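Novice: Sending over a structure as C-alpha cells; questions will come in a sec.
The values are calculated or read from the model by the stated rules, or taken from the named source; none is laboratory data. Note that the coordinates shown come from a computational prediction; the quantities given were computed from them, not determined experimentally. No Cβ is skipped: glycine too gets one built from the backbone with ideal geometry, and neighbour counts run over all protein chains shown.
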Amino acid sequence: MSTIAKLIDAGTLKAVDLGLLDDELPERGLFGTARLHDFIERDLLKIESQDPLLSAEEQVANLCGRFLTNRPLLLKSPIAPIRCLKDGIWELKTLDVRIFGWFSAKDTMVVDAGCDVKLLKSGQLNYSGYIAQTDYVRRSLGFLVGDYILGDQPHDILTNFKIAPKPDRSALRGGR
C-alpha cells in the first residue's frame, strides 16, 4: 500500500475536491493535510481579492479544478499557477493565494498549507518558513527521498501542461 493510501486510511490526508463539478471525477491527485483543509474552510474566505472578477476562494477553486481534471496548466502566464521553490517543494499560485506542497508521484500533489500572498509580499510571512515547514511535514508523514519527486521542471511533475509563447518583442517596439 502506498504512503498516500496509508495516510488517507489513517485520516492524516484527505482528498481535495475544491473546484470539481458534481459530475466530474479527478484525473490527478490532490491531497491535503488538516492544516490545508482548515485554511480552505476558515482563512481562505477572509482573504480580500485583488481580482475584480473572482474572490480568493473562487481563484483557488478554479486552480484546483483545472489541476484535478487534468486540464492543461498554462505556465509562464502573467501568474504561472505552479512553481518549484526548493528541494521538491512546489507552490500553487493564484493572484491572491499561495499553497505549498510536494509531488509524491507525477500528477499527485500533497499540500500542507496556504496563505494570503499579501502577507508574503509585505514580509509578515516568508517563503523560507513555508519551505521548511513543508519539508518538515513531508518527513514527519514518512516521505523519504525517493518517495517524492525532486525534479524542478513541469515535465517532472505533470503530464499535461502548456507553456505560453513569449510575447513578440518586436511587435511591442513597433516592428523594429
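Novice: Against the definition (surrounded by fewer than 16 Cβ atoms within 10 Å (Cβ to Cβ), at negative phi, assigned to a strand (DSSP E or B) and modelled with pLDDT under 95), how does residue 144 come out, yes or no?
Specialist: No: the conditions fail for residue 144.
Novice: Of everything in the range 138-156, what is hydroxyl-bearing (Ser, Thr, Tyr) and over 19 Å from the mean Cα position of the chain (by Cα)? Give them in sequence order.
Specialist: Correct list: 140 only.
Novice: Please state which of the following conditions residue 48 fails to meet, knowing it meets all the rest: (1) farther than 24 Å from residue 7 by Cα; (2) surrounded by 15 or more Cβ atoms within 10 Å (Cβ to Cβ); (3) in contact (Cβ under 8 Å) with a residue 40 or more places away in the chain.
Specialist: (2)
Novice: Within the range 7-24, can you find the residues that are of a type outside the set (Val, Ile, Thr) and touching a residue at least 12 places away in the same chain (Cβ under 8 Å)?
Specialist: 7, 13, 14, 15, 17, 18, 19, 20, 21, 24
Novice: I'm told residue 83 meets every condition in (1) over 21 Å from residue 151 (Cβ atoms); (2) assigned to a strand (DSSP E or B) except one. Can you identify the failing condition by its number?
Specialist: (1)
Novice: Please go through (1) at pLDDT 90 or above; (2) of a type outside the set (Phe, Trp, Tyr); (3) out of contact with any Pro (no Cβ under 9 Å at 6 or more places or on another chain) for residue 63 and return the number of the only condition it doesn't satisfy.
Specialist: So the condition that residue 63 fails would be (3).
Novice: With the structure loaded, tell me whether residue 72 is in contact with a strand residue (DSSP E or B) (Cβ under 7 Å, 6 or more places away or on another chain), at pLDDT below 90, exposed (fewer than 15 other Cβ atoms within 10 Å of the Cβ) and not polar (S, T, N, Q) or whether it fails that test.
Specialist: yes
Novice: Is it true that some residue in the range 94-106 is β-branched (Val, Ile, Thr), modelled with pLDDT of 95 or more and outside any helix (DSSP H, G or I)?
Specialist: Checked against the condition, which is being β-branched (Val, Ile, Thr), modelled with pLDDT of 95 or more and outside any helix (DSSP H, G or I), the range 94-106 yields at least one hit.
Novice: Residues in the range 119-131 that are surrounded by 14 or more Cβ atoms within 10 Å (Cβ to Cβ) and not in a loop (DSSP other than H, G, I, E, B): how many?
Specialist: 4
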